[in-house]
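A short worksheet on the structure shown next.
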Amino acid sequence: MKLLMHMCCGPCSCYPLERLRAEGVEPTGYFFNPNIHPYEEWRRRLNAARMFAEKVGLELIVDNHYGLREFLSRVLPLVNDDDTIKNPDGHHARCRVCYAWRLGATAEYASTHGFDAFTSTLLYSRHQNHDVIRSIGETFARRFDVEFRYEDWREGWQRGIDLSIELGLYRQNYCGCIFSEEERFSSELRKRRKKFFRSLHSDEP
Ligand code: SF4
């Protein structure tokens, strides 16, 4: 099987590649992540993906699109206070748009370059929503007439971390967009989120 593997970053690619190779599949990596901001962070993650590919002998295709303005114009209509707080599984309205942009580009590239299937290392992350990714992947599979290979690589979470440390890869500490950076580090947002979830589970009127 000729498989195109969308890579969200180097560390998240470690375990999926190990699993695929154990199953006799040699994927080609595809880096397209215009959701990562600011620019220096995007460059660090791209360099980590390149370093990973070089160290493990993986063929890597890079789409150099940084895409800050386009990303914001796509997601800003969906970003409001509710979207920041109401995310019980880490999935925000904007994430659908973000997944769709990246998976759509991957499916199109796979279809136009002779691949049988595509997948994404987003499926390794415990912080992403698998149901949404799967449904978007399958939609693009039909549209571009190329298979979407769904995998649940979350069971290798710790193994992936260990491999990325062994390889000396840069490990980011937020998802990618500027909103996720705020949600990761802002104590004010953390407090508001806790309050919101307490109110959901409270029996009080
Ligand atoms: S939180 Fe992550 S998946 Fe969601 S929009 Fe931001 S970068 Fe994309």
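The values are calculated or read from the model by the stated rules, or taken from the named source; none is laboratory data. Every value quoted in this text rests on a predicted model; they were computed, and no experiment measured them. In this analysis, Cβ positions are derived from the backbone assuming ideal geometry, glycine residues included, and neighbour counts consider all displayed protein chains.
Residues in region 18-45 that are more than 15 Å from the ligand (Cβ to nearest atom) and either under 15 Å from the mean Cα position of the chain (by Cα) or among the aliphatic types (A, V, I, L, M) (or both): L20, A22, V25, G29, Y30. Taking residues in region 33-61 that are over 16 Å from L122 (Cβ atoms), and partners anywhere that are assigned to a helix (DSSP H, G or I) and among the acidic types (D, E), the pairs with Cβ atoms closer than 8 Å and at least 6 places apart or on different chains are H37/E181.
When residues in region 125-151 are screened for being in a loop (DSSP other than H, G, I, E, B) and more than 24 Å from R171 (Cα to Cα), 4 of them pass.
Scan region 133-182 for residues that are hydrophobic (A, V, I, L, M, F, W, C) and within 21 Å of L3 (Cα to Cα) and the total you get is 8. When each of F179, F196 is tested for being within 16 Å of the ligand (Cβ to nearest atom), at negative phi and among the aromatic types (F, W, Y), the lone residue that passes is F179. Restricting attention to region 130-141, the residues that are basic (K, R) and under 14 Å from T112 (Cα atoms) total 0. Taken together, E151, E147 contain a single residue that is more than 16 Å from the ligand (Cβ to nearest atom), touching a Leu at 6+ places or on another chain (Cβ under 6 Å) and not hydroxyl-bearing (S, T, Y), which is E151.
Yes/no matrix, rows are residues, columns are (1) within 22 Å of A107 (Cβ to Cβ); (2) not small (G, A, S):
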{"site": "Y30", "(1), (2)": "yes, yes"}
{"site": "H37", "(1), (2)": "no, yes"}
{"site": "R43", "(1), (2)": "no, yes"}
{"site": "A49", "(1), (2)": "yes, no"}
{"site": "L58", "(1), (2)": "yes, yes"}
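Within region 57-83, the only residue that satisfies the criterion of being of a type in the set (S, T, N, Q) and closer than 30 Å to L20 by Cα is N64.
Is it true that some residue in region 59-80 is in contact with a Phe, Trp or Tyr (Cβ under 9 Å, 6 or more places away or on another chain), farther than 22 Å from P38 by Cα and at pLDDT 95 or above? Checked against the condition, which is being in contact with a Phe, Trp or Tyr (Cβ under 9 Å, 6 or more places away or on another chain), farther than 22 Å from P38 by Cα and at pLDDT 95 or above, region 59-80 yields at least one hit. Here Y174, Y170 are screened, and the one residue that is among the hydroxyl-bearing types (S, T, Y), surrounded by 13 or more Cβ atoms within 10 Å (Cβ to Cβ), within 16 Å of the ligand (Cβ to nearest atom) and under 18 Å from the mean Cα position of the chain (by Cα) is Y174. Count of region 45-60 residues, restricted to those that are surrounded by 15 or more Cβ atoms within 10 Å (Cβ to Cβ) and farther than 20 Å from R94 by Cβ, is 10. Assessment of region 73-88 against the conditions (within 19 Å of G10 (Cα to Cα) and either of a type in the set (V, I, T) or within 16 Å of the ligand (Cβ to nearest atom) (or both)) yields no matching residue. Among the residues of region 152-179, just one is touching a residue at least 24 places away in the same chain (Cβ under 8 Å), polar (S, T, N, Q) and part of a helix (DSSP H, G or I), namely S164.
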